[in-house]
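Engineer: Before we start, here is the structure in question, set down as structure tokens.
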Amino acid sequence: PVAYGEAAAIQKAMQIEKGSIVSRLDTLTGANKVDPNFLVSGTGMTRQEIFDEAIKRGVYEAGMCGQDLGEAALRQSNIPGATDWKGINKAFAAGKAVENNARLALFIDSIRKGTKGVKGRVPVSEEVLDNAAMNVRGSLFDYSDLSEFERRKMKRLMPFYTWTRKNIPA
């Protein structure tokens, strides 16, 4: 639970996709702004650094709502005569916020496990960050990790192909 709270604080500090879910932290904490330079305990990194590494390593915005469903919604919006329904956009934003929170929380937890006993500000090795990102992609599937054939053909032939492809082996 602590890692999920820290992940929410990172999302709030970065103000990415700030919607009603993340902004409720204002009410809970009484704070209007979360400091991006705050050191996340046990990691040796600031919120900003963790967020930057999550982006760099493909951890953030790589889930089902951020990738698979998001791409489908973009394709649909390019079809002439398609409507832009704001309710579905809010649902995608809420789904992405929850999904990104879980991905960041696992990333933080994996960094902590790779840097056991870290106190204060220390440089984190590339190996620890790579292993943390691999753990997130292995545990919370990377929905963008498909071949060109799968993207162009299989997703058209089979509904929910990506979800099925990632979950059956697991």
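The values are calculated or read from the model by the stated rules, or taken from the named source; none is laboratory data. All values derive from a computational prediction rather than experimental measurement. In this analysis, Cβ positions are derived from the backbone assuming ideal geometry, glycine residues included, and neighbour counts consider all displayed protein chains. Each accessible area value is taken on the protein alone, full model and side chains, heavy atoms only, with ligands, DNA and RNA left out. Shrake-Rupley method; radii C 1.70, N 1.55, O 1.52, S 1.80 Å.
Engineer: Considering the range 138-165 alone, what residues qualify as being among the small types (Gly, Ala, Ser) and part of a loop (DSSP other than H, G, I, E, B)?
Structural biologist: Ser144, Ser147
Engineer: While we're looking at this one, here's another question. Of the conditions (1) over 17 Å from Phe51 (Cα atoms); (2) surrounded by 18 or more Cβ atoms within 10 Å (Cβ to Cβ); (3) modelled with pLDDT of 85 or more, Glu148 clears all except one; give me its number.
Structural biologist: (2)
Engineer: Give the residue, chosen from Gln76, Gln67, that is open to solvent by 60 Å² or more (accessible area, probe 1.4 Å) and either modelled with pLDDT under 90 or farther than 29 Å from Pro159 by Cα (or both).
Structural biologist: Result of the check over Gln76, Gln67: Gln76.
Engineer: Step by step: first the residues of the range 117-149, then only those that are among the polar types (S, T, N, Q) and more than 26 Å from Phe38 (Cβ to Cβ), then the one that is nearest to the chain's Cα centre (by Cα). Which residue is that?
Structural biologist: Applying the filter and picking the extreme gives Ser144.
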